[in-house]
Amino acid sequence: MALRTRLTLGLAGLAALAACSESAPTASDPVATPVFNNASDKAGDNPVKHLFETRNSPAIAAARAKPGGGTGISYHGGPVLQAATKVVAIYWASSPIYNNGPAAGTFSTSGNSGDNSLVGHFMRNLGGSPYFNINTTYKNSAGTAINNIVTYTGFWANNTSAPTGTANVTDAQMLSMLSSGFTSGKLVYDANTLYIVFTSGKVNLGGGFGTQYCGYHTHGNVSTPAGTKVALYSAMPYDYAYPSACTNGTAAPNGDAGADNEVSVLAHEIEETTTDPMGNAWYDNRGYENADKCAWNFGTTYSNGTGIANMKLGGKDFLVQQNWINSGTGGCRLSWP
């Protein structure tokens, strides 16, 4: 789950910050689009990671407990991705990671045509769904609700220096790889885009895959044609490589175990980036973000004859964790209203 590993602010500090209103924004956005303070970064790594912990982690129960009153989650003044959440997929491997994914070496900066994988289908259909509509219960400092929009704007099937086996890949290496994409034109930089780095097999993306977490989101410095910028990015390793730690343990509803088991973690990271891109917007008084509070909680499920699902997106069945509703007394939901 997206537990904060902030080096400069412990949980006690987070509890103090959470003294603000449980649900109503109170401070003005510092800027119209995300800007990050990377003063404490080392070698391009950001010390703030929001981990989606493994299924059997003892922190799961702690995240699900509702602290305080109100909705159980608080606003801390930072910007959100209010207008829209844009996503770009980087498939960093020597061959397609998921069935029917884009061919190695190909890229698109103007849409997602060419990505026919189940993961691509999920990203195309997440926005506008009753599920992602849960995020509209979160607001920016002006009191404007987040829009129910996710746009899959491009991909890069990067087969250059692709990690293999159980190679450890650091955040500095991910940021360097993203920088190469921006400077070569394979990627287009945008401050409000989440760049999602997918890898294959047991490649240890970030250093704790399968033992500590199944994915995470954060931010860091990248080089672009316009100079050094800060990019939002997510580490999305191949979760089916560790089925007991990073999958739901049920049959895949589309018969595609790799992709079927990736999308719940993917949804987790997209919705947390939407509501807390800088790490200073929406989280509870222990530092848990909205999706953390419902991690590995799938609600009501059904069998589609192939596997277990709980929602339909774009005509396909998926099993996706619930998300925390910031309304009333809060709680985990699969849709809103």
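The values are calculated or read from the model by the stated rules, or taken from the named source; none is laboratory data. In this text, all values refer to a predicted model and were calculated from it rather than measured experimentally. Quick reminder, even Gly has a Cβ in these numbers, built from the backbone with ideal geometry, and neighbours come from all protein chains shown. What goes into the accessible areas is simple: the full protein's heavy atoms, side chains included, and nothing from ligands, DNA or RNA. Shrake-Rupley method; radii C 1.70, N 1.55, O 1.52, S 1.80 Å.
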Residue within region 223-231 that is under 25 Å from ASP276 (Cβ atoms), touching a helix residue (DSSP H, G or I) at 6+ places or on another chain (Cβ under 7 Å) and touching a residue at least 24 places away in the same chain (Cβ under 8 Å) present: yes
Residues of region 99-137 classified as open to solvent by 10 Å² or more (accessible area, probe 1.4 Å), closer than 27 Å to GLY185 by Cβ and not charged (D, E, K, R), total: 17
Entirely in region 177-256, the strands (runs of 3 or more DSSP E) that have 2 or more residues that are open to solvent by 50 Å² or more (accessible area, probe 1.4 Å): 213-224, 227-236
Some residue of region 57-71 being in a strand (DSSP E or B), surrounded by 16 or more Cβ atoms within 10 Å (Cβ to Cβ) and modelled with pLDDT of 50 or more: no
Selection within region 146-176 - assigned to a strand (DSSP E or B) and either under 20 Å from ILE97 (Cβ atoms) or open to solvent by less than 40 Å² (accessible area, probe 1.4 Å) (or both): VAL150, TYR152, THR153, GLY154, PHE155, TRP156, ASN168, VAL169
Search result, residues across region 74-88 that are out of contact with any helix residue (DSSP H, G or I) (no Cβ under 7 Å at 6 or more places or on another chain), of a type in the set (A, V, I, L, M) and surrounded by 21 or more Cβ atoms within 10 Å (Cβ to Cβ): VAL88
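Is it the case that region 15-29 has a residue that's under 23 Å from TRP296 (Cα atoms), open to solvent by 20 Å² or more (accessible area, probe 1.4 Å), modelled with pLDDT under 95 and in contact with a strand residue (DSSP E or B) (Cβ under 9 Å, 6 or more places away or on another chain)? I'd like the intermediate steps shown before the answer.
The initial filter retains those residues of region 15-29 that are under 23 Å from TRP296 (Cα atoms), namely none.
No - not one qualifying residue is present in region 15-29.
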